[in-house]
Amino acid sequence: MRPRWLIVGLVVSVAMNLFLVGLGAGVITFGLNMARENAAVRPAAFFWAASGMAQPARRDTRRMLLSLRDQVRPDLQRSRALRLQAWNGLAAAKPDAAAIKAGLAQSRQIDIAVRSKVEDAIVDHVAQLTPADRAAYADGISRGLAAPARR
């Protein structure tokens, strides 16, 4: 009787291990698909749009974008703090709708100013490149912006 229980235990163990390996592979595949689909339009699109450019222009463009990111980070943090403070105002016993809306409007103004600064700097930089590099960057941005948005 002993060898029979050993065989049953071995078969159950193999089945359980196969199930767990399949489950792990499914979770990893699902996670990778979600990451790929949700990467449609992100601020990093400006960075990755340079991928099709020739090397010196790609390196210079990416350095400019990294520098630009560091320049606008304090404004983005201030905008995020204002937005958080405004939304937290809803939790008050008597929320001040006007103050909440004003905080959100101020946050939006900062976001618009940052976006304008970033887009203007990119246009100024890329406009000075060769026609091939400009076309490659425009193609990269177009692909990033044309990706379908997920809901």
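Listed values, structure above:
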{"read-out": "Average Cα contact separation per residue, the chain, under 8 Å, 6 or more apart, as relative contact order %", "value": "36"}
{"read-out": "The chain: proportion of alpha-carbon pairs further apart than 25 angstrom, %", "value": "58"}
{"read-out": "Label-point separation in nm, residue 125 to residue 27, each point 7 Å along Cα→Cβ", "value": "3.9"}
{"read-out": "Size of region 68-151 as Cα extents on the principal axes (Å, biggest first)", "value": "59, 30, 18"}
{"read-out": "From phi via Karplus (6.51, -1.76, 1.60), per-residue ³J(HN,Hα) for region 92-103 in Hz, x at Gly/Pro", "value": "5, 4, 10, x, 8, 4, 5, 5, 5, 5, 5, x"}
{"read-out": "Mean Cβ neighbour count within 10 Å, used as a protection proxy, ranking 109-117, 21-29, 48-56 highest first", "value": "48-56, 109-117, 21-29"}
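We did not get these values from a lab; they are worked out from the coordinates using the rules stated. These figures come from a predicted structure and were not determined experimentally. A quick note on method: Cβ atoms are made from the backbone with ideal geometry, for glycine too, and the neighbour counts reach across all protein chains shown.
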